[in-house]
Amino acid sequence: MNPTKAKLMLAVTDLLKEDGIAGLSARAIAARAEVNQALVFYHFGTVMDLVDQACRAATNEAAASYRDELVEVTSLAELLELGRSLHERERAAGTVTLMAQLMAGAQRDKTLAETARYAMARWNEEIEAAVARALEGSPFEGVVAVSGLSRAISSAFVGLLLYDGVDRPGAESAFESLEQLGALVEVIEDLGPAARLVLRSRLKGRG
């Protein structure tokens, strides 16, 4: 990648984390990147297009960094445990603020709305494969839709990232409940054949 473009993209993500989207401008970005303001428009056309490319690149990098760990997931309980770890690491990296600002901007700007959809889809792409493995051989296989559950999990963790920014104790309480849910899932997965059959019948009846 062109070094100037890389500096501008890094400047955008740093500014979003520190000052939010409301204070974002070509002048502020250029000053942070230590380049001429005209280069923002030369390389990206508009400020929002720069934000779009920077956030997509940041999302790709973050999602790819967890790929090896997600490959090791073989149960829903393990996925929830990894989610807790992911949450802590991404909070420290500033992703909480970055996602919050992206979602806020998406309410008013079509470009950022597309960026937000891409970010969610990118995370879901990584999580869906792990969910499929977790459901394989469980009482939920063939009953719970992999794509739907993976999107629900992705949305829940993004929501908790945002929630953490305004109410950390509340987010911690939510994670504790998810951990209890993970323990319940493990109990269900240990059910005998007869109990599994009844559970699958009940679940299908609600489908």
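For this structure, a couple of remarks:
- Residue satisfying all of: in the stretch 84-118; over 20 Å from VAL166 (Cβ atoms) and open to solvent by less than 50 Å² (accessible area, probe 1.4 Å); modelled with the lowest pLDDT among these: SER85
The rows are residues; the columns are (1) touching a residue at least 24 places away in the same chain (Cβ under 8 Å); (2) assigned to a helix (DSSP H, G or I); (3) within 14 Å of ALA121 (Cα to Cα).
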site	(1), (2), (3)
ALA152	no, yes, yes
LEU160	yes, yes, no
PRO169	no, yes, no
ALA174	no, yes, no
LEU178	yes, yes, no
GLY182	yes, yes, no
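- Residue count for the stretch 55-83, restricted to those that are open to solvent by less than 20 Å² (accessible area, probe 1.4 Å) and under 17 Å from ALA106 (Cα atoms): 2.
- Helices (runs of 4 or more DSSP H) lying entirely in the stretch 1-59 (those with 3 or more residues that are among the β-branched types (Val, Ile, Thr)): 3-19
- Against the conditions (1) more than 25 Å from ARG168 (Cα to Cα); (2) open to solvent by 50 Å² or more (accessible area, probe 1.4 Å); (3) within 20 Å of the chain's Cα centre (by Cα), ASP52 satisfies every one except (2).
- Subset of the stretch 3-28 that is of a type outside the set (Asp, Glu) and open to solvent by 70 Å² or more (accessible area, probe 1.4 Å) - its residue that is nearest to ALA106 (Cα to Cα): ALA22
- Some residue of the stretch 146-154 being surrounded by fewer than 17 Cβ atoms within 10 Å (Cβ to Cβ), within 16 Å of the chain's Cα centre (by Cα) and either β-branched (Val, Ile, Thr) or within 16 Å of GLY83 (Cβ to Cβ) (or both): yes
The values are calculated or read from the model by the stated rules, or taken from the named source; none is laboratory data. Worth saying up front: this structure is predicted, and the values here are computed from it rather than measured. We place every Cβ from the backbone using ideal geometry, glycine too, and count neighbours over all the protein chains shown. To get the accessible areas, we keep the full protein, side chains included, count just its heavy atoms, and leave off ligands, DNA and RNA. Shrake-Rupley method; radii C 1.70, N 1.55, O 1.52, S 1.80 Å.
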